[in-house]
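Quick notes on the structure that follows.
Derivation of every value follows stated rules applied to the coordinates shown; laboratory data play no part. Model, not experiment: these values are computed from the prediction. Every residue, glycine among them, receives a Cβ derived from its backbone with ideal geometry; neighbour counts consider all protein chains shown.
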Amino acid sequence: MNQFDVTVIGSGPGGYVAAIRAAQLGFKTAIIEKYNTMGGTCLNVGCIPSKALLDSSEHYHNATHTFENHGINVGTVTADIQRMVARKNEVVEQTTKGIQFLMDKNKITVFHGVGSFESATKIAVTKEDGSKESIASKYTIIATGSKPSSLPFIEIDKKRIITSTEALNLQEVPKHLIVIGGGVIGLELGSVYLRLGAKVTVVEYMDKIIPGMDGALSKELQKVLKKQGMKFELSTAVSGVTNNGDTVTVTATNKKGEEVSFEGDYVLVSVGRRPYTEGLGLENAGVELDERGRVKVNEHLQTSVANIYAIGDVVAGPMLAHKASEEGVLVAEQLAGQKPHINYNLIPGVVYTWPEVAGVGKTEEQLKAEGVAIKVGNFPMRALGRSRASGDTDGFIKIIADAKTDEVLGVHMIGARAADMIAAAVTAMEFRASAEDIARMSHAHPTFAEAIKEAALDATAKIAIHS
Ligand SMILES: Cc1cc2nc3c(=O)[nH]c(=O)nc-3n(C[C@H](O)[C@H](O)[C@H](O)COP(=O)(O)OP(=O)(O)OC[C@H]3O[C@@H](n4cnc5c(N)ncnc54)[C@H](O)[C@@H]3O)c2cc1C
């Protein structure tokens, strides 16, 4: 029988990173992945393919909307969706092959098949052809991730009624895409097709989009996307979805209590994701789940069975690739006797619409609910020379500091390159910077990042220079 120190089940950004770190620390390591490609949701049907399509559609949008203003005339521009999807597939292939390379480089044994516990220290791997192999492992890390969830009365037919996975592979631009759910995934994929010429209607149960993020970001993003042509039906509860062949009908109750319906040709169900534990045989090992079907873990990410750990989307916390990876590193380092730590408060969240949205730390709503006395600084992107030069003037940066100590408690931004700029806020907050600390640091001119300095000046003493 194959005997390993550490076996990881699932090769997403949680699992493959855990495996690499474990191997670096000298453990004899195996990884089990049920699909033929490595990388999990993120690399195959999540972060990477969605960003590839977002980038392609953004180029198209710029060619059709902003080039002329820059003095660039390109004549008739057409979007070739099939080429865009093919390019996206090339990007995915290169990226997933990169993970296989890293497995080989780190001498990690890869098993392709469904991993299933036979006991707390034995795992069976069932391959595509039905054959089985057994692994014995001292420690196991469950990193089986998540799957799209739906509403009980919606049947995903993968043709007209689709999840993000199918939305990444459409061979035509929808005429009217109805998106159920105004969260990150719905807005990102809605943006892709909006830019390519689809009518896009977002139907959201709550009274705002991106509900977990700071309220100011939610309002501004809705305003900007509306300006781009996206339609919003908020406080609207979907009650049914029907595939009529070439069209779909979504029925719902709006905020006035009226029955309404929307006709489109595709409906994207993006109402969240659920932890994935099917086929894992957790009962054979004695691993417990919580009330929401997630693997129950303590602060060390240890399950109810001492030698089994769980990380990423399959446990509680934000369903984000970088959170999963941090947890993978933490578990491997703990097994090696180290004392790693994750600051969950400083895991940034990003929405890759244009403009991009990003936030880290506490939102104003959270801090107010906690009764913390705060100071808020704001700076509009349109006041920056860099924004005017590029033509990206939408958005703002908001910095929330403690009213007494001036410590930065939250940074929330919407604007060009926010996804990359949020790293500066994470760094500052990890070192527990005050708003004045950031305000007194030199920021290169002209950059979008100058808005961080200006918002910090506004937060610390209402002394922003350019507003
Ligand atoms: C459209 C979309 C866009 C996204 N964009 C972003 C983004 O921009 N940034 C971000 O941070 N996050 C993004 N996410 C979320 C991100 O993909 C997840 O948070 C991340 O993939 C979680 O990683 P994981 O390792 O926990 O699990 P996963 O990536 O889900 O990987 C789990 C792996 O385990 C395998 N597996 C499951 N059960 C078994 C078994 N029994 N045996 C063997 N293998 C098994 C699965 O096949 C899968 O490969 C996006 C998600 C989607 C759907």
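At a Förster radius of 60 Å, what calculated FRET efficiency corresponds to the Cβ-Cβ distance of residue 65 and residue 300, to the nearest 0.05? Mind dumping the intermediate values first?
Details: r = 50 Å, r/R0 = 0.84.
So, using R0 = 60 Å, E works out to roughly 0.75.
Say a paramagnetic label sat at a point 7 Å from the Cα of residue 165, along Cα to Cβ; which residues of the range 100-118 have their backbone N under 20 Å from it?
Answer for the range 100-118: 112-116.
List the chymotrypsin sites (Phe, Trp or Tyr not before Pro) in the range 108-186 that DSSP assigns to loop (not H, G, I, E or B) and whose Cβ has at most 15 other Cβ atoms within 10 Å. Which are they? Mind dumping the intermediate values first?
Details: sites: 111, 117, 139, 153; in loops: 153.
Passing sites in the range 108-186 are 153.
Length gain on complete extension for the stretch residue 373 to residue 147, per 0.36 nm per residue less the alpha carbon to alpha carbon distance? It would help to have the intermediate numbers written out before the result.
Working: separation 226, 0.36 × 226 = 81.36 nm, distance 3.96 nm.
Extra length from residue 373 to residue 147 when fully extended: 77.4 nm.
Give me, ordered by chain and number, the residues 5 or more places off residue 309 or on other chains with an amide H under 5 Å from its own placed amide H.
Under 5 Å from the amide H of residue 309 lie the amide H atoms of 140, 141, 142, 303, each far enough along the sequence or on another chain.
Give me the distance in nm between label points sitting 7 Å out from Cα along the Cα-to-Cβ direction at residue 25 and residue 466, one decimal.
Simple spin-label model gives 4.5 nm for this pair.
Explain nothing, just compute: Karplus ³J(HN,Hα) = 6.51 cos²θ - 1.76 cosθ + 1.60, θ = phi - 60°, for every residue of the range 282-290 in order, whole Hz, x for Gly and Pro.
4, 5, 5, 9, x, 7, 9, 9, 8
Report, to two decimal places, the Cα Rg of the chain normalised by 2.2 N^0.38 Å (N = number of residues). Display every interim value, and only then the final one.
Details: Rg = 23.5 Å, N = 467, 2.2 N^0.38 = 22.7 Å.
Computed over Cα atoms of the chain, the ratio equals 1.03.
What ranking of 346, 289 emerges when the number of other C-beta atoms within 10 Å of each C-beta is taken as an exposure proxy, fewest first?
On the way: 346 13, 289 16.
By the 10 Å Cβ count, ascending, the order reads 346, 289.
Which trypsin sites (Lys or Arg not before Pro) in the range 290-380 pass both tests, a DSSP loop state and at most 13 other beta-carbon atoms within 10 Å?
Details: sites: 292, 294, 296, 323, 362, 368, 375; in loops: 292, 294, 296, 362.
Loop-located and lightly packed - 292.
Using only C-alpha positions, report the orientation-averaged shadow area of the convex hull of the range 185-288, nm², one decimal. Please report the intermediate quantities before stating the final value.
Working: hull surface 38.9 nm².
That works out to 9.7 nm², a quarter of the Cα hull's surface.
Any idea what the dipole of the chain comes to, in debye rounded to 20, about its Cα centre with Lys/Arg Cβ at +1 and Asp/Glu Cβ at -1?
Details: 49 positive and 54 negative charges, 85 e Å.
Roughly 400 debye, rounded to the nearest 20.
Given H placed 1.01 Å from N in the peptide plane, which residues other than close sequence neighbours of residue 118 have an amide H under 5 Å from its amide H?
123, 124
Could you tell me the calculated FRET efficiency between residue 254 and residue 365, based on Cβ-Cβ distance and R0 = 25 angstrom, to the nearest 0.05?
Values: r = 25 Å, r/R0 = 0.99.
Step by step, r from the Cβ atoms, then E = 0.50.
Run the numbers for residue 136 and residue 104: contour at 0.36 nm per residue of separation, minus the present Cα-Cα distance, in nm.
Numbers: separation 32, 0.36 × 32 = 11.52 nm, distance 2.06 nm.
Net length gain for the segment: 9.5 nm.
To the nearest 0.05, how large is the calculated FRET efficiency for residue 129 and residue 78 if R₀ is 60 Å and r is the Cβ-Cβ distance? Walk me through the numbers on the way to the answer.
Working: r = 44 Å, r/R0 = 0.74.
According to the calculation, E is roughly 0.85.
Given H placed 1.01 Å from N in the peptide plane, which residues other than close sequence neighbours of residue 4 have an amide H under 5 Å from its amide H?
Here 136, 137, 138 satisfy the definition.
Over the alpha carbons of the range 349-461, what is the largest minus smallest coordinate on each principal axis, giving the biggest first in Å?
For the range 349-461, the Cα extents along the three principal axes come out at 40, 28, 21 Å.
Enumerate the calculated ³J(HN,Hα) couplings along the range 259-272 in order (Karplus 6.51 cos²θ - 1.76 cosθ + 1.60, θ = phi - 60°), each rounded to whole Hz, writing x wherever the residue is Gly or Pro.
Here the 3J(HN,Hα) series is 6, 10, 9, 10, 10, x, 10, 9, 10, 9, 8, 10, 9, x Hz.
With each label point set 7 Å from Cα along the Cα-Cβ vector, what nm distance links residue 2 and residue 346?
Going from the residue 2 label point to the residue 346 one covers 3.8 nm.
Which of 170, 53 comes first, and how do the rest follow, when ranked by fewest Cβ neighbours within 10 Å? Each step should come with its number before you reach the end.
Values: 170 22, 53 26.
Lowest to highest Cβ neighbour count: 170, 53.
Give me the extension gain from residue 175 to residue 93: residue separation times 0.36 nm, minus the current Cα-Cα distance, reported in nm with one decimal. Walk me through the numbers on the way to the answer.
Details: separation 82, 0.36 × 82 = 29.52 nm, distance 2.92 nm.
Taking residue 175 through residue 93 to full extension adds about 26.6 nm, to one decimal.
On a 25 Å Cα-Cα criterion, which of the cross-link pairs 175/226; 159/323; 255/375 come out too long?
159/323; 255/375
Given N residues in the range 423-465, what is Rg(Cα) / (2.2 N^0.38 Å)?
Working: Rg = 9.7 Å, N = 43, 2.2 N^0.38 = 9.2 Å.
That ratio works out to 1.06.
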